[in-house]
1. Pull up region B:250-270, narrow it to residues that are farther than 19 Å from residue B:45 by Cβ and touching a residue at least 60 places away in the same chain (Cβ under 8 Å), then point me to the one that is surrounded by the fewest Cβ atoms within 10 Å (Cβ to Cβ).
2. Those residues that are closer than 19 Å to residue A:221 by Cβ, within 14 Å of chain B (Cβ to nearest Cβ) and surrounded by fewer than 22 Cβ atoms within 10 Å (Cβ to Cβ), I need them from region A:280-292; list them, please.
3. Filter region B:260-289 for residues that are charged (D, E, K, R) and within 16 Å of the chain's Cα centre (by Cα) and give the result.
4. Filter region B:360-387 down to the residues that are in a loop (DSSP other than H, G, I, E, B) and small (Gly, Ala, Ser), then identify the one that is farthest from the chain's Cα centre (by Cα).
5. Any chance you could count how many residues in region A:303-321 are more than 14 Å from every other protein chain (Cβ to nearest Cβ) and open to solvent by 10 Å² or more (accessible area, probe 1.4 Å)?
6. Go through region B:69-103 and give me each residue that's open to solvent by 30 Å² or more (accessible area, probe 1.4 Å) and away from chain A (no Cβ under 12 Å).
7. Being within 24 Å of residue B:147 (Cβ to Cβ), away from chain A (no Cβ under 14 Å) and either among the small types (Gly, Ala, Ser) or open to solvent by less than 30 Å² (accessible area, probe 1.4 Å) (or both) is true for just one of B:277, B:247, B:273. Which residue is that?
8. Determine if region A:326-342 includes at least one residue that is crowded, with 19+ Cβ neighbours inside 10 Å and of a type in the set (Asp, Glu).
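The values are calculated or read from the model by the stated rules, or taken from the named source; none is laboratory data. None of the values given here were measured: they were computed from a predicted structure. No Cβ is skipped: glycine too gets one built from the backbone with ideal geometry, and neighbour counts run over all protein chains shown. With ligands, DNA and RNA removed, areas are computed over all heavy atoms of the protein, side chains included. Shrake-Rupley method; radii C 1.70, N 1.55, O 1.52, S 1.80 Å.
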There are 2 protein chains.
Amino acid sequence: MTTTTSSPNAAALAAALPELREAYAALQAKGLKLDLTRGKPSAEQLDLSNGMLALPGTAPTQAARANGTDVRNYGGLDGLPELRAIFAELLDVPAGQLLAGGNASLTLMYDTVAWAMLFGFPESPAPWSREEKVRWICSVPGYDRHFAVCEELGIEMIAVPMKDGGPDVAAIAELVAGDPTIKGLWVVPTYSNPDGSIVSDDVARALVSMPAAAPDFRILWDNAYALHHLTDTETASAPALRLAAEAGNPDRVLMYASTSKITWAGAGVAFLAASPANLAWYKKHLGKASIGPDKVNHLRHALFFGSAGGVREHMRRHREILAPKFEAVTSILAERLGEYGVGTWTDPKGGYFVSLDVVPGTASRVVALAKDAGIALTPAGATFPYGKDPQDQNIRLAPTMPPLEEVTAAMDGVATCVLLAAAEALGG
Amino acid sequence: MTTTTSSPNAAALAAALPELREAYAALQAKGLKLDLTRGKPSAEQLDLSNGMLALPGTAPTQAARANGTDVRNYGGLDGLPELRAIFAELLDVPAGQLLAGGNASLTLMYDTVAWAMLFGFPESPAPWSREEKVRWICSVPGYDRHFAVCEELGIEMIAVPMKDGGPDVAAIAELVAGDPTIKGLWVVPTYSNPDGSIVSDDVARALVSMPAAAPDFRILWDNAYALHHLTDTETASAPALRLAAEAGNPDRVLMYASTSKITWAGAGVAFLAASPANLAWYKKHLGKASIGPDKVNHLRHALFFGSAGGVREHMRRHREILAPKFEAVTSILAERLGEYGVGTWTDPKGGYFVSLDVVPGTASRVVALAKDAGIALTPAGATFPYGKDPQDQNIRLAPTMPPLEEVTAAMDGVATCVLLAAAEALGG
């Protein structure tokens, strides 16, 4: 998963410093305005779903009344059965354990944690907000919006470094077994944000089986990129709910997904898959806040895809657009940084990001240099809780949104900034 | 607003008892299956918005990129400017103070109160969940889902009876001035649920001006029926935000509305209008739970209506469908109950409900009788906090969803049940 270069060649960098300064000045002179900050789909990707722009369509009117339900009226907290059937197959969960909601899995995750704070889970000794301290394990580098949910709700985060191949199960298991204030863990099981790692069935089994000191310990299993392959190998996500049930911990895992990066970002459908007890708990609270989700949008998606196979086919069209951009990122990094032995980066087989580790202590400098050259990067530290990367070395690259030629131009500029910062720090 | 009959004629009821028992047996024999429980729009009303079924439409593609924003991509927590402009005019608030959100104003209201519990408002001494007690004033009869939000969040409800013409300002003002644990008040200002009353400008001014012991006292101003007129008189809602600002209490009122009963219930757009400080507070928390609302649905609505005038025109078509149903309800009640002097009911000029007070102590019996005759009514007590009507006399009638002939059949049946229950109680 990870491409490691040899260690930095300080002498070569020192020698190249004048040349790098020149290259950087030339970069600035270009007056670029490029953006690699966020994992947004490109307009070309969004166009793939333009068939939805006129759906469900005016004829036949019956389309608006699938399964005897009038999708235009109130009701049905679980969402439209047709759409749930399609995504139950894709997420490998029973349709009866899958809820189709609004437009954002982030909202489903936020509500889960917020309701745990306000009410606790069924087996919680008390609402979490009444506990003296609530803590949460965050693998790093990780997803800044996960960390923001914890921070907002006053949950103390414990960073555990990711290993090659995913979360550090041994370290996590030790923490979870020994500390009853640890109530949760974020996992992005497939093509993790940002490092692209995949949780194997064995790792998943270990996570759902490990003893937990807190009776209400939960894993929020954010399967945002389950279907977002960049190669022919369409790796299936570990069946976390099933594994958890087999391990005797059926309520440990709540799984989230959405079509934000399948159809439209912000106008898609989010999903929650969970054990019957967790789903009943979730719906009990949801039912006080909502009469039901937008079933017209559910129907729109169900008609557009037709089947799980239709979704898989659709994702291959995304891949055709995305794979060249990721190829551009990694090949430019290899070409430009390899010579100096600078940097370590991932070569993801799916998902939305490349994780780049620069020379320790220079990530902030790289981001600042890039900014001054008109290239927006995710702030250094964003992939760590509280925005603090202790090594100041990780940068998340998001190449999906700009057109390929902009990705190329931006990455060439980023490489210049990485090398200049490295030369300044090591040899300058 | 309210039609009052004379007091019950016990002698006439006693004499009619055998005849009423016969009428009830005949009603049961019909094997009806009718439903007057919830304020849902009818299929005929939903059809009025079928023009949206194929919107925004595939051509021109620019439609998907209004104002330079790609509505198919992430971003824009405030919602689509075009749609906010239309509803800002309709709700008489500055567009800059109006947020267009997801599909449910109930969710916006729930989140407001939940976030007050978790975090407090900016001027709160502490998050409300840290207070020993939080109380809330509920005018009765009122909306059961408002009460459910309070109950869910552990907020103690104080019932204050509605008066002719709206909330009992004097009673509310005395409570709010004297008790710092009272943090909030629900108001449905226009065509209140269920009694149809309208908050005048004077009443609104009093509510936003009255001294409050709690520094963070809030009025949740649920303007669900602002545009839902049943007559030629299209009464404008009191401009609550402006009046609150004039009174020096700009942050006291948060206003909610939605298109649930304008376009589609569950597939519409919800709105929050608030002071700059309240809106900043709301968006600070919303931004942790969401990257933005479904702007494609915002665009769909903006294109469908075109302007505020388009919405008003559309509401007149709803009125054509609804007015005969409300007329049927009130005329059947007058015809059947008048003779016996039984019952008091509202004659609403808008909104979704008729509020019926039967002989005290008989509302539960009426609902049970109706149920056994195949007519589903909102449970007795639903219009009161904790589902407890101390007089057991109020029943909320929701005539919008069934076709006119079913409303007529159901109401004739309800009248029989009301009279039978009255005769049993008074004369039997």
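1. B:251
2. A:282, A:283, listed by residue number.
3. Correct list: B:261 only.
4. B:373
5. 13
6. Correct list: B:78, B:81, B:82, B:84, B:85, B:89, B:92, B:94, B:95, B:96, B:97.
7. Every option except B:273 fails the conditions.
8. Within region A:326-342 (the criterion being crowded, with 19+ Cβ neighbours inside 10 Å and of a type in the set (Asp, Glu)), the answer is no, since none of the residues qualifies.
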